[in-house]
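The values are calculated or read from the model by the stated rules, or taken from the named source; none is laboratory data. Remember, it's a predicted structure, so these values are computed and weren't measured experimentally. All Cβ positions, even for glycine, are placed from backbone atoms using ideal geometry, and neighbour counts span all protein chains on display. Areas reflect the complete protein model, heavy atoms only, side chains present, ligands, DNA and RNA absent. Shrake-Rupley method; radii C 1.70, N 1.55, O 1.52, S 1.80 Å.
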Amino acid sequence: MPVGARLLSAGVLLAVSLGAQSSGNDGLGGGKPGESSAQPLTGQGLGNVAALARLFGLVRYFDPSDAAAATDWDRFAVSAVRTVEPATSPFDLASKLESVFAPAAPRVRVVPAGAPRPMMEMESGRFAVLWQHRGLGPPQGKPPYFSGRFEIPAEQSPLVSFAPYHSDLPGGVTCMVPLAVYRPLGPLPQARPLGPPEGSANDRAVRLAAVIVAWNVFQHFYPYFDADLSPVWMGALGRLLSEAAQDANAQAFHATLQKMAVILHDGQGRVTGPGDPPDSVPPVVWTMADGRITALAVQGTDVKPGDVLVSVDGKPAGDVLAAKEKDVPGSTPQCLRERALPYLLARAPGGKVSVELEPAAQPGARRTVTLECTARAGDLHPPRPDKIAELEPGIFYVDVNRVSMADFSTAVAQLAKARGILYDLRGSQSLPQFFSLFGHLLMRGVQGPPTAAPIVTRPDQNEIMFQETQWSESPLQPYFPGKRAFLTDGGTIGSAETMAAIAERYRLAEIVGETTGGAAGGVNSFSVPGGYEFTWTGERVRQYDGSPLFGAGIRPTIPVAPTRAGIAAGRDEVLQRALEAVK
């Protein structure tokens, strides 16, 4: 925070009604409220809505006026789509954009490209007000993320760049947005809280507004933008808007929203809401073994562990998996694989799927079976020992996915006397409860890998800075002196992956299994019109030496991958090798 700055409480969710400005033209501007038409964006219409999208993010997150801070931006976006899309020329578009933003941002100026830039009237006051974001904070996010306006004494203003932000927009127009305003010291206007905007994904304007809102969050706050990703993301805006305009139902639109996390390769990215893809599957857990899709565990079906999936409804199984991987976000190939495999055969509840198998007992043979989708993908898990189990005298197994603080506390005395402990991180993501237990492995304090939240004061990731922190832990009593092994695979992401990084850095344990998923960093969340919720990676994490962790992962010190023969024989080869390591 700049010296002498004083935090302002932003006005919350004050609606700016644009209904009187809506054109109401059938088939344009998203149609009338509630209209469910799926209609393409014309060339001019696409440029108009893309211009609205770009200006929307600049104003919402960086115009520090009281009116902008108090605007209900979700409702604004839905209504503004209907007003702006029908513009017939750059002159008409500039006029409509200025008009639609005037109640929320009266100092914003928009002119046709090439026209002289208008002078922005000068203001005076004792204090300059500007936005500062640590990631993207409340009400869209959660700690440690924060967004707020700050007052800086006017005499300090030369220390900060307050020049208006100029940007060429699609549709043949140019905008100028103030990044600071001057005002006398005083209270902000009161605001009244509102609920989510009316309408659903059946309404074309709601769909377009949802893309506008979500695209801008990533454009300005995603911590893993680089020189290669930025132009790709900018180019994706038009495609996403075009698809949203023509999506025929909630499931199609859900897939359009999901493409944002796919483009960003965010292994922690998820979209939930209307049209969630089907998650009913046959009761079979699939894995990769010897480069082939192999049944790992089954429940009451005509599939045996070690059977290889050859085809699905007549399509080669490898092609089906590759297509599924294109639809899910992942930071690495191993992360994509782990996210796609559980949903490989997903259908509607009770649906059936025909699969061709190569039996484990008859390599080269083929048999076809029909499987019914009677289970939920999220409820299927590979066979494991009990969440805390003594595998051999003095050697214990701890499944960090399933263990609770109460479970762990009950077993502490035994674990302190153990000759060896296996910590299973396979498939693990967010494990906040386990970090508090990490101290039992330590004889001295440790720090986690460098984690940094983006500090954003200017649009489009210009002059972005990162505020770095490192999680630290001190030893806890009793100390666990036995040998340790951490079991990992491509599904080990998030805080579980951070644990693996700490174990590697301080040589706390052998890392046994496969390379982790390469998707660490604190998650954040936000909602968009239509009832959708995004979860995404809001912080940047690097290795201790500064090299990337995102998109790379932590390599095992003892590489082990399941084999078809081992699965067919009922062996957990990763677990067995980890057991050998601690013995």
So who's got an amide H within less than 5 Å of the one on Phe466, skipping anything under 5 residues away but keeping other chains? H placed 1.01 Å off N, in plane. Ile455
Anisotropy class of region 354-405 from Cα gyration tensor, a/c 1.5 cut: oblate
Roughly what angle does helix 90-101 make with the longest principal axis of the chain, taking Cα atoms, 0 to 90 degrees, to the nearest 10? 80 degrees
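Sum up the charges of everything whose Cβ sits under 10 Å from the Cβ of Asp247, counting Lys and Arg as +1 and Asp and Glu as -1, but leave Asp247 out. If you can, show how the numbers build up before the last one.
Working: positive: Arg204, Arg207; negative: Glu243.
After counting each charged neighbour, the total is +1.
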Here FRET efficiency (C-beta to C-beta, Ala113 to Ala255, R₀ 41 Å, nearest 0.05) is 0.75
Rounded accessible area per residue of region 362-505, 1.4 Å, Å²: 44 Å²
On a 0 to 90 degree scale, rounded to 10, what angle separates helix 317-326 from the longest Cα axis of the chain? 30 degrees
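Quick check on packing: order 462-474, 38-50 by the mean number of other C-beta atoms within 10 Å, highest mean leading. Each step should come with its number before you reach the end.
Details: 462-474: 12.9, 38-50: 19.5.
Most protected by this proxy first, the peptides run 38-50, 462-474.
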Candidates [x] 3, 12, 15, 15, 15, 14, 12, 8, 4, 2, 0, 0; [y] 3, 16, 26, 25, 17, 8, 3, 0, 0; [z] 3, 16, 23, 22, 18, 12, 6, 1, 0; which is the computed P(r) over Cα pairs in 10 Å bins from 0, in percent? [z]
Need one number: convex hull volume per residue for region 505-583, Cα atoms only, in Å³. 153 Å³
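With a 1.4 Å probe and all protein chains kept in place, how do Met234, Met288, Met260, Met443 rank by accessible area, largest first? Walk me through the numbers before you get to the answer.
On the way: Met234 75, Met288 45, Met260 0, Met443 155 Å².
Highest to lowest solvent-accessible surface, that is Met443, Met234, Met288, Met260.
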Once region 431-582 is represented by equal point scatterers at the alpha-carbon sites, with solvent omitted, what log10 I(q)/I(0) does the Debye formula produce at q = 0.21 Å⁻¹? -1.33
Determine the order of Lys96, Lys326, Lys304 by accessible area, beginning with the largest, at a probe radius of 1.4 Å. Lys326, Lys304, Lys96
How much of the accessible area of the chain, probe 1.4 Å, is carbon plus sulfur, in whole percent? 53 percent
Note the per residue figure in Å³ for the convex hull of the C-alpha positions in region 359-492. 231 Å³
Going by alpha carbons, how many degrees (0 to 90, nearest 10) lie between the helix axis of 204-221 and the longest principal axis of the chain? 80 degrees
Around Asp489, which amide H atoms from residues at least 5 apart in sequence, or from another chain, sit under 5 Å from its own amide H, with H modelled in the peptide plane? Gly427, Glu514
Which value, in debye to the nearest 20, gives the size of the charge dipole of region 355-510 about its Cα centre, when Lys and Arg are +1 and Asp and Glu are -1 at the Cβ? 420 debye
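Rounded if a/c is under 1.5, else prolate if a/b beats b/c, else oblate: with a ≥ b ≥ c from the C-alpha gyration tensor eigenvalues square-rooted, which is region 257-404? It would help to have the intermediate numbers written out before the result.
On the way: a/c = 1.61, a/b = 1.06, b/c = 1.53.
Oblate is the answer for region 257-404, as a/c is 1.5 or above yet b/c matches or exceeds a/b.
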Mind checking the dipole of the chain: about its Cα centre, +1 per Lys or Arg Cβ, -1 per Asp or Glu Cβ, Debye to the nearest 20? 560 debye
Can you find, among Ala261, Ala561, Ile511, the residue sitting farthest towards the positive end of the charge dipole of the chain, where Lys and Arg contribute +1 and Asp and Glu -1 at Cβ? Ile511
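Working with all protein chains in place, sort Asp307, Asp66, Asp302 by solvent-accessible area computed with a 1.4 Å probe, largest first.
Working: Asp307 5, Asp66 45, Asp302 85 Å².
I get Asp302, Asp66, Asp307, largest accessible area first.
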